[in-house]
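What follows is one structure encoded as structure tokens, with my remarks underneath.
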Amino acid sequence: MVYKHEVPLTQPFCYTTNLQRLIQSWDDSSADWAPPPDHLIIIHGRPIPIKLWGELYKFNKMADGEWKRLKSDWSNWHFFMQAYQASSTPEAFRANFSDPRGQHLKFSHIMRILKEKCQQEDDNVAKEAKRVFDKEFINQFGYEKEGRWVCMTRHSDIAKTYRKKIRVEAESA
């Protein structure tokens, strides 16, 4: 059990320049888990995986403003780690994100590629949703705003809703 007063304030850090350290510090259930002795958050002598930092800081009023400060960076790390963990091997991930000379790309370049890929996937899923739902699309992909029904237009929102509908259908089948 961790009490609010035991959660330390974070120190200045940057994992975007040391991706291996991010990978080794992300998830204690991963084969990659090997946090360094100077890991940023250690409670009761145990390093806290980066993936849990949101839970640690989000609702902790004693660490006022920490999650607000961390959230954007943490979200980028989370997005990066999802792609890393989805790769068949670390070598496959590195091969996908290296330049023609075999040099590993920088974090910002990798993030740009991942976000473009995600946007393309959302565009494709949104097109599929429009095709599948056809005339029912406006009823299935909308929301109420100021008493009026508004049809979704952002592909990311449409894709998220469609994926949720598919998941719910699969679970009830």
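The values are calculated or read from the model by the stated rules, or taken from the named source; none is laboratory data. Being a predicted model, the structure only gives us computed values, none of them experimental. All Cβ positions, glycine included, derive from the backbone under ideal geometry; neighbour counts span all protein chains shown.
One table, with the values for the structure above:
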read-out	value
Qualifying residue in the range 40-63 (condition: touching a strand residue (DSSP E or B) at 6+ places or on another chain (Cβ under 8 Å) and not β-branched (V, I, T))	no
Subset of the range 19-67 [basic (K, R) and touching a helix residue (DSSP H, G or I) at 6+ places or on another chain (Cβ under 9 Å)]	K51, K58, K61
Top-ranked residue of the range 133-171 - restricted to ones that are part of a helix (DSSP H, G or I) and of a type in the set (V, I, T), ranked as nearest to D123 (Cα to Cα)	I158
Subset of the range 61-78 (residues that are farther than 13 Å from Y15 by Cα, surrounded by 14 or more Cβ atoms within 10 Å (Cβ to Cβ) and without any contact (Cβ under 8 Å) to a residue 40 or more places away in the chain)	W67, K71
Condition met for R69 (assigned by TED's automatic domain parsing to the domain that holds W26, more than 28 Å from H155 (Cβ to Cβ), in a helix (DSSP H, G or I) and in contact with a strand residue (DSSP E or B) (Cβ under 7 Å, 6 or more places away or on another chain))	no
